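Structure, as structure tokens:
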Amino acid sequence: MELKDQSVTVQITKALKERISKLSPSSTTVILDSNTKRYCYPTIQHVIGDHNLIELSPGEAVKNLEGATIIWGGLTKYQVDRKGLVIVLGGGVLGDMGGFCAATYKRGIPFILIPTTLLAQVDASTGGKLAIDFEHFKNHIGIFQEPYETLIDTQFLSTLPEREVRSGYAEVIKHCLISDKNLWIELQGKVLNQLNWDQLVSHSVRFKKRITTEDPRESGLRKILNFGHTIGHAIESSALSQGNPILHGEAIAAGMICESFIAKQKGLINESELKEITTYLHSIFGHLQLQLDTTNLIELMIQDKKNQNQKILMSLINGIGHCVWDVETSTEEIQKAMDYYFNRV
Ligand code: ADP
Ligand code: ZN
């Protein structure tokens, strides 16, 4: 890759000071949760001048109209006007919801995203998708809107629980599988604590920026980012409704194994590529121990908002480092892939 060594990460205090002095906002409001307040806020607290705080509970359960009401309510209470700045300090949940609230408050005020989880740094914070969940539907109410700035500092990852780091790493692996065979080869055999997060976060952000700039509304190319996600999302939802929630990346890792198996069935990758992918993903993520009802999973996949005319369309790798999209996949192929993952000895 031509930009391989160029970093997109920043030294957060310096970058924030510069951006705030350039923007000169009428007020600054930080949105955080109890974890980011404890672990990340002390780093920025003294460089942003006077500010308001809006604190939410951690976790996806808050990413709905009630959570949004807390944020809009806070901005209103603090009499934030259209020149007020919002700083969102948190993972993907806060980034999606805080960004959505800032982008709709008084028809939109500037916001800076400071993603503090690996998942948010490599994925959620790039591409301008902002949303909240509604009833049982994830990201059901939302908009496309770019932040004033996204500032990524990997120092925040040092306090992140290892399970959350691993979850974010699934998206890094996905980016390699769909676009960068050389980096995929470099990662082989490496375990989590041998990885260089500055290098990997920069790689993922540059790649995702390129794709989302070319296809912001997901009419074509952007769909490659959905590799592993048709089956992965179904596994994630199903595990949640069984009362055994798993992290997004854990589900996506399993989804990538299943969808690689489908790619193999369709002749898009060969046996040894499938084996390489399965072995590496299992070495990082282990094997999900879930009893899932495949018929129910397939039902969930049919409802996926990326499908058309009740057909299941997938993004599948076409050799390691390449991806094709809108590939029609039969329920038999999916069934076999689930058997490959869940019923293999
Ligand atoms: P994601 O980014 O995976 O969508 P969340 O926004 O739900 O996830 O964040 C996952 C969890 O990690 C939450 O409990 C959040 O409060 C916590 N968290 C976020 N950033 C940090 C950090 N830098 N250090 C410790 N915990 C953090
Ligand atoms: Zn994802």
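The values are calculated or read from the model by the stated rules, or taken from the named source; none is laboratory data. All figures in this text were calculated on a predicted structure; none of them were measured in a lab. For neighbour counting, all protein chains shown are included, and Cβ atoms are generated from backbone atoms with ideal geometry for every residue, glycine included.
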Complete set of residues in the stretch 106-150 that are more than 13 Å from ligand 2 (Cβ to nearest atom), under 19 Å from ILE48 (Cβ atoms) and not acidic (Asp, Glu): ILE109, PRO110, PHE111, ILE112, LEU113, ILE114, PRO115, THR116, PRO147, TYR148, THR150
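Conditions (1) within 13 Å of ligand 1 (Cβ to nearest atom); (2) modelled with pLDDT of 95 or more; (3) not in a strand (DSSP E or B), marked per residue:
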{"residue": "ILE112", "(1), (2), (3)": "no, yes, no"}
{"residue": "VAL122", "(1), (2), (3)": "yes, yes, yes"}
{"residue": "GLY127", "(1), (2), (3)": "no, no, yes"}
{"residue": "GLY142", "(1), (2), (3)": "no, yes, no"}
{"residue": "PRO147", "(1), (2), (3)": "no, yes, yes"}
{"residue": "ILE152", "(1), (2), (3)": "yes, yes, yes"}
{"residue": "GLN155", "(1), (2), (3)": "yes, yes, yes"}
{"residue": "SER158", "(1), (2), (3)": "yes, yes, yes"}
Pairs returned, first residue in the stretch 97-118 that is under 13 Å from THR29 (Cα atoms) and of a type outside the set (Phe, Trp, Tyr), second residue that is part of a helix (DSSP H, G or I) and within 16 Å of ligand 2 (Cβ to nearest atom), beta-carbon separation under 6 angstrom, 6 or more apart or interchain, are LEU113/GLY95
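Being within 16 Å of ligand 1 (Cβ to nearest atom) and either under 16 Å from THR154 (Cα atoms) or surrounded by 21 or more Cβ atoms within 10 Å (Cβ to Cβ) (or both) is the filter here, so list the residues in the stretch 70-85 that pass it.
Of the stretch 70-85, the ones within 16 Å of ligand 1 (Cβ to nearest atom) are 70-71.
Selection gives ILE71 alone.
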If you check VAL172 against the conditions, is it without any contact (Cβ under 8 Å) to a residue 60 or more places away in the chain, closer than 15 Å to ALA124 by Cβ and in a helix (DSSP H, G or I)? yes
Condition check: without any contact (Cβ under 8 Å) to a residue 12 or more places away in the chain and not basic (Lys, Arg). Does GLU214 satisfy that? yes
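Can you tell me which residue among SER241, SER237 is farther than 25 Å from ASN318 by Cβ, at pLDDT below 95 and within 16 Å of ligand 1 (Cβ to nearest atom)? Step through it out loud before you land on a result.
Numbers: SER241 fails: within 16 Å of ligand 1 (Cβ to nearest atom).
When all the criteria are applied, what remains is SER237.
Please specify each residue of the stretch 217-254 satisfying the condition of being at positive phi and surrounded by fewer than 21 Cβ atoms within 10 Å (Cβ to Cβ). First the steps, then the outcome.
Quick first cut of the stretch 217-254, residues at positive phi only: 218, 228, 243.
Answer for the stretch 217-254, where residues must be at positive phi and surrounded by fewer than 21 Cβ atoms within 10 Å (Cβ to Cβ): GLU218, GLY243.
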Going through (1) closer than 16 Å to GLY142 by Cβ; (2) more than 9 Å from ligand 1 (Cβ to nearest atom); (3) surrounded by 21 or more Cβ atoms within 10 Å (Cβ to Cβ) one by one, THR104 fails only at (3)
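State yes or no: is GLY286 of a type outside the set (Val, Ile, Thr), in contact with a helix residue (DSSP H, G or I) (Cβ under 6 Å, 6 or more places away or on another chain), surrounded by fewer than 18 Cβ atoms within 10 Å (Cβ to Cβ) and modelled with pLDDT of 95 or more?
Details: of a type outside the set (Val, Ile, Thr): yes; in contact with a helix residue (DSSP H, G or I) (Cβ under 6 Å, 6 or more places away or on another chain): no; surrounded by fewer than 18 Cβ atoms within 10 Å (Cβ to Cβ): yes; modelled with pLDDT of 95 or more: yes.
Against the criterion (of a type outside the set (Val, Ile, Thr), in contact with a helix residue (DSSP H, G or I) (Cβ under 6 Å, 6 or more places away or on another chain), surrounded by fewer than 18 Cβ atoms within 10 Å (Cβ to Cβ) and modelled with pLDDT of 95 or more), GLY286 does not qualify.
Could you please let me know if GLN265 is free of Cβ contacts under 8 Å to residues at least 24 places away in the same chain and either within 16 Å of ligand 2 (Cβ to nearest atom) or of a type in the set (S, T, N, Q) (or both)?
Taking the combined requirement at face value, the residue does not satisfy it.
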